[in-house]
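Participant: One structure is given below, represented as C-alpha cells, and several questions about it will come after.
Each reported figure results from applying straightforward, stated rules to the coordinates on display, with no laboratory input. Note that this is a predicted model, so its numbers are computed, not measured. Because the Cβ atoms are built from the backbone with ideal geometry, glycine has one as well, and the counts that use them run over all protein chains shown.
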Amino acid sequence: MTLGVWAVLLLVVGLLLLVAEVFLPSGGILAVLTTGTLLASLTCAWLAWWPDRASQFWWFLGAVLGLIPLTVVGAFWIWPTTAIGRRALLEGPTAEEVDAFADETRTFARFVGQVGTTATVLNPAGMLELGTERLHCQSEGALIAAGVRVVVVRATHNLVTVRPVPPGEDGGPTPRAGGAAPTRAGSEAGAGPVQSGTISEEPDGDSEVPPEFA
C-alpha cells in the first residue's frame, strides 16, 4: 500500500478511537492513541503528497481538521440510538411515568393531617392503619407502641411519617390511668350518674329544679 492509502486508513482509525474516547473511560489511554494515530496519518499524507502535490496535502489537512468536530457531534447524535448506547446512557422518564409519579405523590399528600392507629410497633418503621388503608410508615425517631393514635405529619412518595397524637386532641376521650373514661365536668366521687338535662349554675327564682336533683 502507498503512503496515501496509509494516511486515509490511519485517519479512519483515529476517528474511531476518538469516538471511543468520548464514551469509554480509559484514563487517557485512548486519547493518547487517538492523537498518535492522527499525527501518523498526517505524517503519511505529508510524505506522500507534499513534494509533488502540496495542494492535495492541504486538502487532506483541512479534511482532518473538519472531520474531528463532526465526528464528535455525530457520535453524540447517533450513539443514544444504538443498542450499546441505550445500555450505557440513562434515559429520562417517559411522560406516562411522570404522570404516574405525580398521581401517586398527590395520593400520599392527602394523608397529611389524618389520624390513624399504629398496627405494629414503630421502631421507627412499622405499619399504620389509616381508615380502610394499611400503610408502611415511620416515626420521627421515637419508639411508638402498637395501637397508639398517631397523626401523619409528612407524606412523600411511598414514605409516611407520623407522630403520636397528644391526649384529647384527636376528638376521642382522654384516657386515664387504669383505662377509665373521664366523667362529665362537675361530677364528684361517689355521686350518682349524671342525668340528661341542663342545670343552671345560678338558678334564678323562676327556674325549676328537676325533681331528681331536689
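Participant: Please verify whether the range 138-153 includes one or more residues that are in contact with a strand residue (DSSP E or B) (Cβ under 8 Å, 6 or more places away or on another chain), closer than 21 Å to D103 by Cβ, of a type in the set (G, A, S) and free of Cβ contacts under 8 Å to residues at least 40 places away in the same chain.
Facilitator: no
Participant: Now for a separate question. Residues in the range 45-58: is at least one closer than 25 Å to F76 by Cβ and more than 47 Å from the chain's Cα centre (by Cα)? Break it down into steps so the answer makes sense when it comes.
Facilitator: Within the range 45-58, the subset closer than 25 Å to F76 by Cβ is none.
Within the range 45-58, not a single residue is closer than 25 Å to F76 by Cβ and more than 47 Å from the chain's Cα centre (by Cα).
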